[in-house]
1. In region 83-110, what count of residues is obtained for those that are part of a loop (DSSP other than H, G, I, E, B), open to solvent by less than 20 Å² (accessible area, probe 1.4 Å) and not aliphatic (A, V, I, L, M)?
2. Could you count how many residues in region 53-64 are of a type outside the set (Val, Ile, Thr) and within 12 Å of the chain's Cα centre (by Cα)?
3. State whether the residues of region 30-45 include one that is hydroxyl-bearing (Ser, Thr, Tyr) and closer than 29 Å to THR180 by Cβ.
4. Say whether the condition of being loosely packed, with under 14 Cβ neighbours inside 10 Å, free of Cβ contacts under 8 Å to residues at least 12 places away in the same chain and more than 10 Å from GLY93 (Cα to Cα) is met by at least one residue in region 165-177.
5. Return the residue satisfying two criteria in turn: it lies in region 138-159 and is of a type in the set (Gly, Ala, Ser) and not in a helix (DSSP H, G or I), and of such residues it is least open to solvent (accessible area, probe 1.4 Å).
6. Can you name every one of the strands (runs of 3 or more DSSP E) wholly within region 17-82 that holds 1 or more residues which are open to solvent by 50 Å² or more (accessible area, probe 1.4 Å) and either at pLDDT below 95 or within 25 Å of ALA139 (Cα to Cα) (or both)?
7. Give the number of residues within region 178-189 that are crowded, with 21+ Cβ neighbours inside 10 Å, within 18 Å of THR137 (Cα to Cα) and either without any contact (Cβ under 8 Å) to a residue 12 or more places away in the chain or touching a helix residue (DSSP H, G or I) at 6+ places or on another chain (Cβ under 9 Å) (or both).
8. Determine whether LEU11 is hydrophobic (A, V, I, L, M, F, W, C), open to solvent by 20 Å² or more (accessible area, probe 1.4 Å) and touching a residue at least 60 places away in the same chain (Cβ under 8 Å).
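The values are calculated or read from the model by the stated rules, or taken from the named source; none is laboratory data. Note that this is a predicted model, so its numbers are computed, not measured. Every residue, glycine as well, gets a Cβ built from its backbone with ideal geometry; the counts of neighbours run over all protein chains shown. The protein model used for the area step is the full one, side chains on, heavy atoms only, and it has no ligands, DNA or RNA in it. Shrake-Rupley method; radii C 1.70, N 1.55, O 1.52, S 1.80 Å.
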Amino acid sequence: MADLGGPCRVLSWAPHRPGFQEARRVVWREVRNADLTPDVDPLALLRDGLAALGALDAVAMMTSRDIRRHFTGHAEVEGVAAACLATIGLGNGERVGRRRHARPPGYGTVNMLVHVSQGLDDAALLEAQSVAAQARTLAIIEGDYRPDPDRPPITGTGTDCIVLTCPAAGLRAAYAGLHTAIGEAIGAAVLGAIRAGVADWLAERALDKSGAAAV
């Protein structure tokens with residue numbers, strides 16, 4: 001669970017409390033195959049776990065990645081600070097514009113929380129999401145993971161999720177693109193976290209003597 005330190009505006013497509021929200025914390029729920037049998041409703045499982053924690057007010061994601069293997073990135077540009085907390089698995093990797101029709105050999109997803117110190121209006125939150133997505137994709141492409149040797153490297157997974165947060169109080173910037181200090185800080189923080197996580201996942205996979213991909 002990540003404590004945001006106070007009320008924050010949140011934009012995400014997280015399974016619990018997606019869209020524009022206000023929250024003080026973001027939760028990762030780690031699951032295993034045994035938790036998600038065909039008779040289990042994943043969203044109900046997530047809600048029940050949050051209720052047990054007293055955290056139904058949180059924005060929450062699910063991952064099969066060991067959450068102890070998380071990575072962070074930080075950057076500050078012209079007084080704007082950004083931070084990224086991420087868990088990275090590429091087992092169900094896809095390349096944008098051409099999905100794989102065969103069942104992926106494993107599970108895996110990139111779940112990340114990105115916080116920026118500057119308040120953002122609705123349009124800027126959307127723009128910041130696009131910057132975070134660009135940085136995530138660039139870091140994954142640099143990893144050059146190719147589940148199918150005859151195809152180009154993946155650009156993400158079928159279940160990636162980005163949670164973008166900023167302070168709820170104070171002035172709200174109208175722009176957060178690549179020309180801005182906000183966009184630069186977000187991009188640098190995300191690149192730092194995702195590059196480290198991709199390298200860790202690839203190294204773990206290479207050491208898997210059984211041939212089964214890490215999640």
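1. Within region 83-110, the first condition is being part of a loop (DSSP other than H, G, I, E, B), and the residues that meet it are 89-92, 96-97, 99-109.
Checking which are open to solvent by less than 20 Å² (accessible area, probe 1.4 Å) leaves us with 89-91, 106, 108-109.
Okay, now just the ones that are also not aliphatic (A, V, I, L, M), so 89, 91, 106, 108-109.
Qualifying residue count for the region: 5.
2. 3
3. no
4. no
5. Here is the first cut: in region 138-159, the residues of a type in the set (Gly, Ala, Ser) are 139, 143, 156, 158.
Restricting the remaining residues to those that are not in a helix (DSSP H, G or I) gives 156, 158.
Working: GLY156: 7, GLY158: 60 Å².
Among residues in region 138-159 that are of a type in the set (Gly, Ala, Ser) and not in a helix (DSSP H, G or I), the one least open to solvent (accessible area, probe 1.4 Å) is GLY156.
6. Values: elements: 19-30, 59-63, 70-77.
Passing ranges, in order: 19-30, 70-77.
7. 4
8. Details: hydrophobic (A, V, I, L, M, F, W, C): yes; open to solvent by 20 Å² or more (accessible area, probe 1.4 Å): no; touching a residue at least 60 places away in the same chain (Cβ under 8 Å): yes.
No; evaluated as a whole, the condition is false for this residue.
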